[in-house]
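Participant: Here you go, one structure.
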Amino acid sequence: MHLDKHHPMPVYLQLKEMLRHQIEQGVYQTHQKLPSERALCQRYNLSRMTARKALQELIREGFAYTRVGKGTFVSDLTGKPPAIDIENVSYRHRINGFISYQRAILTENLLAFNCQGVEEVIRGALAAYSAEIVATHLLATAVRQIEELWLNREINLTTINFAVTTLRSHLITLFNTISASVPGASTPMLLACAPGDHHEIGLLLLGLSLRARGFNVIYLGPNVPAVDVHQVIEHTRPGLVCFSAATREAASALGDLSKKCCFYLNSPEGGRQQDGHAGIVFGGTAFVQEPALVSQITGTYLGPTIEAAVDKIEAMFAQ
């Protein structure tokens, strides 16, 4: 495979995809040592940083692992860990391999501003996997990859705006294709970004995962004014209100809003005084980066990941 330094896809991703393909084709066997950073640099005329990032991506996606002082080696993609069902392991690897390939193509199309190409990739992924898997494994990881390129100054502002806006629109479409389908789903749950917070991707993914499990989720979107939240609560009588905050400023605004909402939810006007589920839950990047902010919010912290948030909400409704 030729590495094209003029291609819209960053060279380190091209190299990662080439190595992944070689692993899957058996060029490199399980536990075999991969070429070192130095060897890759010499072979393909690359910088040390480019080679390092390619190997780090392989490790992050589970195709390789490191041994201190020894180098980088191919992971065992077919082995069976003692306590894990081999079918689940195999299925996870199939997802990882397929999604990794699709994400590379998706990123390439996003960087080339190719809307039709993006549509085709997502349509193909949905033909193979559920909306939840496509959202969490493909779209969400593509967002993180694009953001990393932006932080590393490998793409400009216009490119990241186009990419994130495009992926956001597809996440919203997937969210709207899923409807609540379990007993008790008639009790709504509100999801909203705190006032001043425009970082909604994480909250969208949480809403999609909850809908996929049958919850009646009402997604209010980014930067929701406090007065609007109170009006929606009065109109919908939710069982739960979930807020997200990605910045310290948004978390600060959420502090006062959470107190008022919690009081209102459990008042006669809120209509939830006899409902054990009524209350406030919250999460977001702000609380992961600054755990001390958690104590400033009235409600239940959902944890640092979407998986933890889903588990906690399911446990709350199971009581």
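Participant: Compute the acute angle (0 to 90°) between the alpha-carbon long axis of helix 226-236 and the principal axis of greatest extent of the alpha-carbon atoms of the chain; round to the nearest 10°.
Facilitator: Result, in degrees: 70.
Participant: Divide by every residue of the chain the summed helix terms, -39500 (n - 2.57) for each DSSP H run of at least 4, and state the resulting mean residue ellipticity at 222 nm, rounded to the nearest 500 deg cm²/dmol.
Facilitator: Helix contribution divided over all residues of the chain: -17000 deg cm²/dmol.
Participant: Just the projected area, averaged over all directions, of the convex hull on the alpha carbon atoms of segment 11-74: how many nm²?
Facilitator: 3.8
Participant: Here's something else I'd like to know. Regarding segment 86-176, what whole-number volume in Å³ per residue does the convex hull of its Cα atoms give?
Facilitator: 87
Participant: Sticking with this one: Going by alpha carbons, how many degrees (0 to 90, nearest 10) lie between the helix axis of 306-318 and the longest principal axis of the chain?
Facilitator: 30
Participant: With an 8 Å cut-off on Cα pairs and a minimum separation of 6 or more residues, tell me the relative contact order of the chain in percent.
Facilitator: Relative contact order for the chain comes out at 11 percent.
Participant: Run the paramagnetic zone check for Glu314: 7 angstrom along Cα to Cβ, then residues of segment 195-221 with backbone nitrogen under 20 Å.
Facilitator: 202-218
Participant: Stretch Ser47-Arg123 to full length: gain in nm at 0.36 nm per residue minus the Cα-Cα span?
Facilitator: Net length gain for the segment: 23.8 nm.
Participant: What is the total of Lys pairs in the chain with C-alpha atoms under 20 Å apart, excluding same-chain pairs fewer than 8 positions apart?
Facilitator: 8
Participant: Which percent of Cα-Cα pairs in the chain sits in each 10 Å bin, short to long?
Facilitator: 5, 23, 29, 23, 14, 5, 1, 0
Participant: Distance in nm between label sites at Asn152 and Phe113, each 7 Å beyond Cα in the beta-carbon direction?
Facilitator: 2.3
Participant: Any chance you could run the full-extension gain for Asn161 through Thr66? It's 0.36 nm times the residue separation minus the Cα-Cα distance, nm to one decimal.
Facilitator: Gain on extension, Asn161 to Thr66, equals 30.7 nm.
Participant: Using the basic label-point model (7 angstrom from Cα toward the beta carbon), what is the Tyr101 to Phe263 distance in nanometres?
Facilitator: 5.8
Participant: Also, I was wondering about something else. Using Cα-only point scatterers and the Debye equation, what is log10 of I(q)/I(0) for segment 122-228 at each q in 0.14, 0.21 Å⁻¹, rounded to two decimals?
Facilitator: Here the Debye-derived log intensity ratios amount to -0.61, -1.14.
Every number in this text was worked out from the coordinates using simple rules, so none of it is lab data. Note that this is a predicted model, so its numbers are computed, not measured. Positions of Cβ are backbone-derived with ideal geometry, glycine not excepted, and every protein chain shown enters the neighbour counts.
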